[in-house]
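Let me begin by presenting the structure, written as structure tokens, before commenting on it.
Read-outs throughout are calculated quantities, based only on the coordinates presented, and are distinct from any laboratory measurement. Remember, it's a predicted structure, so these values are computed and weren't measured experimentally. With ideal geometry, Cβ positions are generated from the backbone for all residues, glycine too; neighbour counts draw on all protein chains shown.
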Amino acid sequence: MYKYDFHTHTDFSGDCEFPMEIMIEHAINNNFKKLCFTDHFDYDFPSTELSFQLDIPAYYNKFMELKEKYNSKIDLLFGIEVGIQPHIYDVIIKTINKYPFDFVIGSTHVINKQDPYCGEYYKNKTKKEAYDKYLKEILYNVNNFNDYNVYGHLDYIIRYGNYEDKKLYYKDYSDIIDAILLKIIESNHGIEINTSGYRQNFKEPHPNVDIIKRYGELGGEIITIGSDSHNPEHLAYNFDKACNLLLKNGFKYFTVFKERKPEFIKIPCV
Ligand SMILES: [Zn+2]
Ligand SMILES: [Zn+2]
């Protein structure tokens, strides 16, 4: 089966050390039809250790050089993963519209200027409070920000809290999750099935199956598959599981993007 990975990082991201060319060669050797790079652009990120400022001119030049070099072997797409925060909408819009991106993932990595990765965000909050606040921020973003194609890893908040059961259960947040999904659908955006959750002991993708199922029930059709790989070995990680999960939950197609427009590909039986 051909592979199409629409969430991957390279050493243009502050948290990845593998050059783009290594990723491309791995993909070519492993039956990839399309590979989309989505390096991090997190403007005004609160961390002092890592920088998520993306040197977009250098990223674009390297991409174009390698796209030309490998053109006959793989379809390479130019994407970006943008960290959305309400006070930087203008910066994001101005920045991404200067370059011919094929695909834009909008992600919430920071809530109220706090990075959940550091743990501080969860302090003095019950799980319900922490998850509610996170989902409200996403709802605010989908209602007020339009310049993305799919919303990244919708239940990302489960990664770093130290609650005994970290899972975000759809039934506990159904009103707000429905509002988010309906807005995404109505504004012709989509979500992704991010298989990095399988690598992080959740045994489920981001978002979890209940949310993906609900997205389909509400009429959602645009759904990309991404590994969120920061390492060649993780490219297309557990995509067979992701395809089976989609088929089981009523999806017949997954989505790829070119020039910011969706194209639909029939999900193979795997
Ligand atoms: Zn992310
Ligand atoms: Zn990512």
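Amide H neighbours of Ala236 under 5 Å, counting only residues 5+ apart in sequence or on other chains, H built in-plane at 1.01 Å?
Residues meeting the criterion, in which the H sits 1.01 Å from N, are Ser227.
Between the range 79-151 and the range 44-77, what's the alpha-carbon centroid distance in Å?
20
Place a point 7 Å from Cα of Lys241 in the direction of its Cβ. Which residues in the range 9-33 have their backbone N less than 20 Å from it?
Only 9 pass the distance filter.
Kindly state, to the nearest 0.05, the FRET efficiency for Met64 paired with Tyr140, given R0 = 30 Å and r defined as their beta-carbon distance.
The pair Met64/Tyr140 has a calculated efficiency of 0.25.
Work out the charge dipole of the range 172-238 with +1 on the Cβ of Lys and Arg and -1 on the Cβ of Asp and Glu about the Cα centre, then indicate which of Ile225, Asn188, Pro207 is farthest towards its positive end.
Final value for the positive-end residue is Ile225.
Quick one: if the Förster radius is 35 Å, what FRET efficiency do Ile93 and Glu120 give, using the C-beta to C-beta distance and rounding to 0.05?
For Ile93 and Glu120, the calculated efficiency is 0.75.
For the range 212-270 and the range 163-185, what is the separation of their Cα centres, given in Å?
So the separation of the two Cα centres works out to 19 Å.
Sorting check: for 126-136, 148-158, which peptide has the highest mean count of neighbouring beta carbons within 10 Å, and how do the rest follow?
Packing order, densest peptide first, comes out as 148-158, 126-136.
Would you list, by chain and number, the lysines whose Cα falls below 26 Å from the Cα of Lys128, excluding same-chain residues fewer than 8 positions away?
Hits, sequence-local ones excluded: Lys113, Lys136, Lys166, Lys167, Lys171, Lys183, Lys203, Lys213.
Quick one: grab the alpha carbon gyration tensor of the range 84-215, order the square roots of its eigenvalues as a ≥ b ≥ c, and give me rounded if a/c is under 1.5, else prolate or oblate depending on whether a/b is larger than b/c.
Since a/c reaches 1.5 and a/b is larger than b/c, the shape of the range 84-215 is classed as prolate.
Pull out a ≥ b ≥ c, the square roots of the eigenvalues of the alpha-carbon gyration tensor of the range 168-270, then state rounded if a/c is under 1.5, prolate if not and a/b is larger than b/c, and oblate in the remaining case.
Oblate, since a/c reaches 1.5 and b/c is not below a/b.
Sum -39500 (n - 2.57) across every DSSP H segment of at least 4 residues in the chain, then divide by the residue count to get the 222 nm mean residue ellipticity, nearest 500.
-9500 deg cm²/dmol, from helical runs alone.
Test of understanding: what is the full-extension gain from Glu217 to Ile22, defined as 0.36 nm times their sequence separation minus their Cα-Cα distance?
Contour length minus Cα-Cα distance gives 66.3 nm.
Along the positive direction of the dipole of the range 3-266 (beta-carbon charges: Lys, Arg +1; Asp, Glu -1; about the Cα centre), which of Ile265, Tyr160, Pro19 reaches farthest?
It is Ile265.
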